[in-house]
Amino acid sequence: MTPEVRTARLLLTPYTPGDEESFVALFQDVRVSRWMGDGPSPEAEDRALFGGVFTKVYARGLFDVWAVREGGRTVGHAEIKPTPESGGHEIVYALAPDVWGRGLGTELAGALVAEGFGRLGLREVYATVAAENGASLALLGRIGFRHVRDVEEEDGSTTRLLVRAREGTGTDSR
């Protein structure tokens, strides 16, 4: 069961059916979706993805998925999930553009790393980021992620695989 997670300014909660419109609005915003998965999707696909959070992810206990809230308003999305690209668990996060530039991304990514190392007991946490997404690459670098390798995508773009090792494992890059 996905637990609630609190930071200084954010509350991460499991989604409820009432979150569908805010989820779809976030994923339909091209400033956000350009960096998510394969990029912008039709609205129907994002609605199906939201439904899958309940029928697949939560129902089967596959991994943690959260609505990210600030002051009661949904401002983002977050996940920690196993991925074949990394061979481990990857953090995924997205915030609405109207909250960018306030340090919430750093706060959110840090909370996801803490969940991975703490509750999940992971030795390493991964992230995949489009090579052109300088803001996310800088954010992850500031919180201790290091570059592992580049992955060439079918469309010719490059994705960077990053890792952060838990302190005390002998592999932490800081």
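Here is how the numbers come out for the structure above:
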quantity	calculated
Failed criterion for E167 (all others in (1) open to solvent by 30 Å² or more (accessible area, probe 1.4 Å); (2) touching a His at 6+ places or on another chain (Cβ under 7 Å); (3) of a type outside the set (V, I, T) hold)	(2)
Near pairs, Cβ below 8 angstrom, 6+ apart or cross-chain, from the range 77-99 (free of Cβ contacts under 8 Å to residues at least 12 places away in the same chain and more than 20 Å from S22 (Cα to Cα)) to any residue that is part of a helix (DSSP H, G or I) and open to solvent by less than 20 Å² (accessible area, probe 1.4 Å)	none
Those residues of the range 1-22 which are closer than 18 Å to D64 by Cβ, touching a strand residue (DSSP E or B) at 6+ places or on another chain (Cβ under 7 Å) and not in a loop (DSSP other than H, G, I, E, B), in sequence order	V5, L11, L12, T13, D19
Where T55 falls short, out of the listed (1) open to solvent by 30 Å² or more (accessible area, probe 1.4 Å); (2) in contact with a helix residue (DSSP H, G or I) (Cβ under 8 Å, 6 or more places away or on another chain)	(2)
Single residue of the range 4-42 satisfying the filter (farther than 22 Å from Y58 by Cα and in contact with a Phe, Trp or Tyr (Cβ under 9 Å, 6 or more places away or on another chain)) that is most open to solvent (accessible area, probe 1.4 Å)	R31
One residue from A127, A111 being surrounded by 20 or more Cβ atoms within 10 Å (Cβ to Cβ), within 15 Å of the chain's Cα centre (by Cα) and touching a residue at least 40 places away in the same chain (Cβ under 8 Å)	A111
Residue that is at pLDDT below 95 and surrounded by fewer than 12 Cβ atoms within 10 Å (Cβ to Cβ), where the choices are G121, G134	G134
Residue check, T74 polar (S, T, N, Q) and open to solvent by less than 20 Å² (accessible area, probe 1.4 Å)	no
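The values are calculated or read from the model by the stated rules, or taken from the named source; none is laboratory data. What you are looking at is a predicted structure, and each value in this text was computed from that prediction instead of being measured. Positions of Cβ are generated from backbone atoms using ideal geometry, with glycine treated the same way; all protein chains shown enter the neighbour counts. Surface accessibility is based on the protein's heavy atoms, side chains included, excluding ligands, DNA and RNA. Shrake-Rupley method; radii C 1.70, N 1.55, O 1.52, S 1.80 Å.
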